[in-house]
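Step one of this worksheet: look at the structure below.
Bear in mind that the values in this text are calculations on the coordinates, not laboratory data. Just so it is clear, the structure is predicted and the values come from calculations on it, not from any experiment. Because the Cβ atoms are built from the backbone with ideal geometry, glycine has one as well, and the counts that use them run over all protein chains shown.
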Amino acid sequence: MPKKICGLGFDCASMMLQPGIDPGECLNYDTCGGKSELTPDEEIELIQMQMIEYERIPETIRTTRRQAALMMLMSRGCPQTPESLGVNAQMQAIATCVEQLQHHLNNLEGQYIAPPGCEVHTYSVKRPSGTYYYNKLTASEAIFSPSSQNELVKVIHLSHSYDPRTEQAKLGIERRNQLRSIRTLLSGAVELLQQATDTLSQQSTIEDSSLLLTVQQQSHEYDTTSDITIARAASSQGDSEVQVESNEADSSICEQPVMRSERNLSQNNFVQRLEN
């Protein structure tokens with residue numbers, strides 16, 4: 001004899017709080033077995049046992065096939081969480097990195113950061129005593145504040161290579177380059193995080209589409225059933241009309257011999273009168 005199983009896939013022993021129970025003995029066996037006749041969102045009633053003061057008390061719960069499927073998988077399918085899959089740990093790691101980066105950015109306050117396109121150039125000056133090398137901070141456009149003029153300038157003279165002005169200018173260029181690299185890396189991180197967000201958004205869209213498809217299928221099945229019902233009703237009505245016409249035809253056929261008999265009877269009576 002084939003082994004009976006739950007039509008909805010539940011663990012009947014857990015539902016009934018009765019270890020070793022056969023699915024055929026479960027109070028929900030008939031209901032679960034008729035699942036194919038139900039739509040995914042049509043409500044059904046299931047009985048679930050609750051242990052109250054060491055006594056099994058039946059409790060009626062209302063659910064649907066869709067909800068029942070989720071209940072079954074949550075109880076039997078070893079469900080996972082974002083934490084168990086390591087997602088929360090990665091989120092925490094990202095938050096820690098952002099906090100550390102923000103700390104380093106705050107340390108840049110009060111430090112010189114060179115604008116884009118600016119570089120330190122070394123140039124030589126020949127004098128009678130020899131050739132001397134100096135440095136200057138240059139820009140492609142006049143963006144620097146002047147030391148004595150009223151208009152912006154393109155060059156700031158920095159003096160010798162060991163001069164603090166030259167050192168700070170070079171550090172400012174290095175800080176700028178570091179920040180531009182950080183910006184590029186953060187841009188890639190934002191794109192990756194957006195992809196992670198879109199992944200869950202797409203899952204929600206798939207679930208909504210699945211629900212809409214189910215509703216459309218149910219509507220199509222309802223329309224098909226309605227068409228069949230209307231067709232059957234029309235067919236039954238047509239059969240009734242044919243039966244009525246057949247009955248009327250039979251009645252007319254039965255009436256005709258009677259009329260002929262009456263006529264024959266009248267003719268016979270008239271002949272008899274003439275003979276008399």
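So here's what we get for this one:
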| item | result |
| --- | --- |
| Average silhouette area of the stretch 92-179, convex hull of alpha-carbon atoms, in square nanometres | 7.8 |
| Amide hydrogen neighbours beyond the local backbone of THR64, cut-off 5 Å, H modeled | ILE44 |
| Potential lengthening between GLU43 and GLN111 on full extension [0.36 nm per residue; Cα-Cα distance subtracted] | 17.7 nm |
| Added length on full extension, which subtracts the Cα-Cα distance from 0.36 nm per residue, GLU141 to GLN92 | 13.2 nm |
| Local electrostatic count at ILE173 - Lys and Arg +1, Asp and Glu -1, tallied over other residues with Cβ under 14 Å | +3 |
| Formal net charge of residues neighbouring GLU45 (Cβ-Cβ distance under 12 Å; K, R +1; D, E -1) | -3 |
| P(r) of the stretch 84-135 over all Cα-Cα pairs, binned every 5 Å from zero, in whole percent | 4, 13, 10, 10, 10, 10, 9, 8, 7, 6, 4, 4, 3, 2, 1, 0 |
| Cα point-scatterer Debye curve for the stretch 30-128, base-10 log of I(q)/I(0) at q = 0.10, 0.12, 0.17 Å⁻¹ | -0.64, -0.74, -0.99 |
| Cβ-defined net charge surrounding THR122, 15 Å radius [Lys, Arg +1; Asp, Glu -1] | +1 |
